[in-house]
Amino acid sequence: MSIEIDLPPGQPAAEGRGLAVDHDRGAALTIGIVNNMPDSALLGTERQFTRLLAAGAGTRRIRVRYACLDGIVRGDAVARHMDGRYWSLAALTASAPDALIVTGTEPKAGHVEDEPYWSSLCDLLEYADGHLPTSLWSCLAAHAAVWRLDRVPRIRLAEKRSGVFEHAGQSGHALLKGLPEVVLTPHSRWNEIRLPDLVGAGYEMLTSSADNGADLFAKQSRSLLVFCQGHPEYLADTLLREFRRDVGRFLAGERATYPAEPEGYFGPAARAALDGFAERARAAPASTRLADFPFDLALASATHRWAAAAEAFYGNWLGLVESLKRR
């Protein structure tokens, strides 16, 4: 197995930016990762998806091309990182990858059609469905795609859904081969697409639960469209870092309520320490320091329990990409 970061045409490989790609050295699967996460999470998201592709690749060679939807404003530091490393969507689609992964981002508007990247996402969805054998849409990108395709609405939740949730397999789909009967997946979202709405619109449910609803689902359109409402790519500490970020927003007065602790994620000792910090923060947010947040204690109990299932799922998806490429 090898992972190659394929830089845009005309860009020389440089240390820390990408690998020199030998396009003649055997067959490789080229996966475009359209990374739309905000600046604070962009590099982490690169690592998460690249690690998961590497873990699921087996003996396959994987060539990764990064891109981003048009309409997402970037700060100077992240723009410099992306310059010469990220493909424009025009260049990416002109030199077609074998498959696409499209990430979500933090919602800014009340409706997906009001997001600044909406037009760009619609164009990308049309391209992927019409020209690629399969594509994978994550979190908000999944919400936007099913709205565009079938007018299945996303519903605003009363509280953020955050935690590690159990889901059962609902079909004998090839993407579930080797996965356990109960699949753990992290979720982190303010909105959801409801399971009955998806089923009614003809989507095949892969994994779901009565409490958390739809997790993985798919639809055979002109191509196979695969959707993740959760985040199997997350690392062990990702939910913890998001939780600490949201706590910091509360302490800074940027949100009115203290965030709910991620469900099914921390051990008893970590929960006790986090509850104690929450009590102090709610009582006196102005005098509570984020530096005192019990990060290390919480991190010690934040195990990567979903990793094996996530790697199996991505391995199955890459196997599907490979088989479709050969047709």
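The values are calculated or read from the model by the stated rules, or taken from the named source; none is laboratory data. The structure presented is a predicted model; accordingly, all values stated were derived computationally and were not measured. Because the Cβ atoms are built from the backbone with ideal geometry, glycine has one as well, and the counts that use them run over all protein chains shown.
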May I ask you to verify whether L240 is closer than 16 Å to A168 by Cβ and either touching a helix residue (DSSP H, G or I) at 6+ places or on another chain (Cβ under 7 Å) or at pLDDT 95 or above (or both)?
-> no
In the list S188, S162, which residue meets the criterion of being under 15 Å from the mean Cα position of the chain (by Cα), surrounded by 18 or more Cβ atoms within 10 Å (Cβ to Cβ), over 25 Å from T134 (Cβ atoms) and not aliphatic (A, V, I, L, M)?
-> S162
Filter region 312-327 for residues that are touching a helix residue (DSSP H, G or I) at 6+ places or on another chain (Cβ under 7 Å) and surrounded by 20 or more Cβ atoms within 10 Å (Cβ to Cβ); the one that is nearest to L29 (Cα to Cα) is L318
Conditions (1) touching a His at 6+ places or on another chain (Cβ under 7 Å); (2) farther than 30 Å from L290 by Cβ; (3) surrounded by 21 or more Cβ atoms within 10 Å (Cβ to Cβ) -> S209 fails only (3)
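Residue by residue, here is whether (1) over 22 Å from K177 (Cβ atoms); (2) among the basic types (K, R) holds:
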{"site": "F227", "(1), (2)": "no, no"}
{"site": "E233", "(1), (2)": "no, no"}
{"site": "L239", "(1), (2)": "yes, no"}
{"site": "R255", "(1), (2)": "yes, yes"}
{"site": "E263", "(1), (2)": "yes, no"}
{"site": "A270", "(1), (2)": "yes, no"}
{"site": "E311", "(1), (2)": "no, no"}
Return yes or no: is E261 within 23 Å of E166 (Cβ to Cβ) and either part of a loop (DSSP other than H, G, I, E, B) or in contact (Cβ under 8 Å) with a residue 40 or more places away in the chain (or both)?
-> yes
Flag for L216 being touching a Leu at 6+ places or on another chain (Cβ under 7 Å), touching a residue at least 12 places away in the same chain (Cβ under 8 Å), among the aliphatic types (A, V, I, L, M) and in the same structural domain as I101 (by TED's automatic domain parsing) = yes
For residues that are assigned to a loop (DSSP other than H, G, I, E, B) and at pLDDT 50 or above, tally how many sit in region 2-25.
-> 8
